[in-house]
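First up is the structure itself, then whatever we jot down about it.
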Amino acid sequence: MVYTPPQHADEITKLMDNLVQFINNDELCDADPLVKMAIIHHQFESIHPFYDGNGRTGRILNILYLVTKDLLNLPVLYLSRFVIQNKADYYANLQAVRDTGNWEPWLEFMLDGVIDTAQNTISLITAMKTLMAEVKHGIREQLPKIYSQDLLNNLFNHPYTKIDFIVEELGVTRITATKYLEQLVDHGFLTKQKVGRANYYINEPLCTLLTAHG
């Protein structure tokens with residue numbers, strides 16, 4: 001059976017108003033915030049009138065809700081990876097609540113997703129810290145004249161950097177920024193790629209980590 005969400009504007013507005021009250025008024029439900037997050041996600045996905053879904057928006061709401069409940073300091077628990085890897089189970093459990101009214105399998109699925117995502121995120125952050133320490137040691141040893149904490153931070157703010165980024169964040173000239181980046185390339189800390197007229201300096205080990213945990 002294919003689920004058909006509400007189609008009429010008045011009905012959608014009424015349901016969304018009800019959901020907003022449920023999100024913001026804890027007196028309506030005293031469940032644990034993680035359980036309530038799973039309920040909110042299900043209701044949001046069931047209300048939306050769009051054929052292609054509001055999956056990404058729904059998963060962002062998950063994070064924002066946990067931040068408001070002080071379970072997260074930063075929005076770093078993004079469930080997309082878990083949902084994509086378990087897409088069939090995600091939709092089956094989502095629909096089962098609509099068909100049977102049995103919430104338990106759905107709640108267990110979402111809580112498993114939180115556990116999996118939290119463990120994966122901790123693993124990624126730990127690996128990034130280890131990599132950052134290794135690069136710090138390498139630059140200080142091989143290129144002590146250009147090393148600074150600001151430079152190291154720049155290399156890990158994004159999977160790539162550019163001359164403009166170095167100029168802005170380190171307060172150096174373009175000539176100096178170019179010199180720094182070219183030396184980092186020569187010593188194997190970065191890989192240079194030209195796209196159009198711009199040069200990008202890729203932190204390949206960081207890209208590998210992000211891809212493996214994506």
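Things to note:
- The base-10 log of I(q)/I(0) for the chain, evaluated at q = 0.08 Å⁻¹, reads -0.45 [Debye formula, identical scatterers on Cα atoms, solvent excluded].
- Segment Lys87-Arg140, extension gain: residue separation times 0.36 nm, minus the distance between their alpha carbons: 14.5 nm
- Helices that extend 15 Å or more along their long axis by alpha-carbon positions and average at least 0.5 on the Kyte-Doolittle scale are, among the DSSP H runs of the chain, 33-47, 55-68.
- Among Asn62, His8, Leu151 the positive-end extreme of the charge dipole of the chain (Cβ point charges): Leu151
- Separation of alpha-carbon centers, segment 93-117 and segment 125-159, rounded to whole Å: 42 Å
- Label sites at Asp164 and Ala96, each approximated as a point 7 angstrom past Cα along Cα to Cβ, lie 5.0 nm apart.
- Efficiency of FRET between Ala133 and His213 - r from beta-carbon atoms, R0 25 angstrom, step 0.05: 0.90
- The charge dipole of the chain, taken about the Cα centre with unit charges on the Cβ atoms of Lys, Arg (+1) and Asp, Glu (-1), comes to about 1200 debye, rounded to the nearest 20.
- Under a Gaussian network description of the chain, with springs only between Cα atoms under 10 Å, the residue in Ala96, Ala118, Ala38 that fluctuates furthest is Ala96.
- Residue of Ile139, Ile115, Ile175 that the Gaussian network model of the chain assigns the largest fluctuation, springs spanning Cα pairs under 10 Å: Ile175
- With the charge dipole of the chain set up from +1 on Lys and Arg Cβ and -1 on Asp and Glu Cβ about the Cα centre, the Cα lying farthest toward the positive end among the listed residues Ile47, Ile84, Ile175 is that of Ile175.
- Here the simple spin-label model places points 7 Å from the Cα toward Cβ, and for Asp116 and Glu104 these points are separated by 2.1 nm.
- In the chain, the DSSP-assigned H stretches of four residues or longer account for a calculated mean residue ellipticity at 222 nm of -21500 deg cm²/dmol, using -39500 (n - 2.57) per stretch and the full residue count as denominator.
- Taking only Cα atoms of segment 143-212, radius of gyration then Dmax in Å: 11.5, 36
- The trypsin sites (Lys or Arg not before Pro) found in segment 174-214 that occupy coil by DSSP, while having at most 13 further C-beta atoms within 10 Å, are Arg197.
Just so you know, all these numbers are worked out from the coordinates, no wet-lab data involved. Not measured: the values here are computed from a predicted model. Ideal geometry is used to build each Cβ from the backbone, glycine not excepted, and the neighbour counts take in all protein chains shown.
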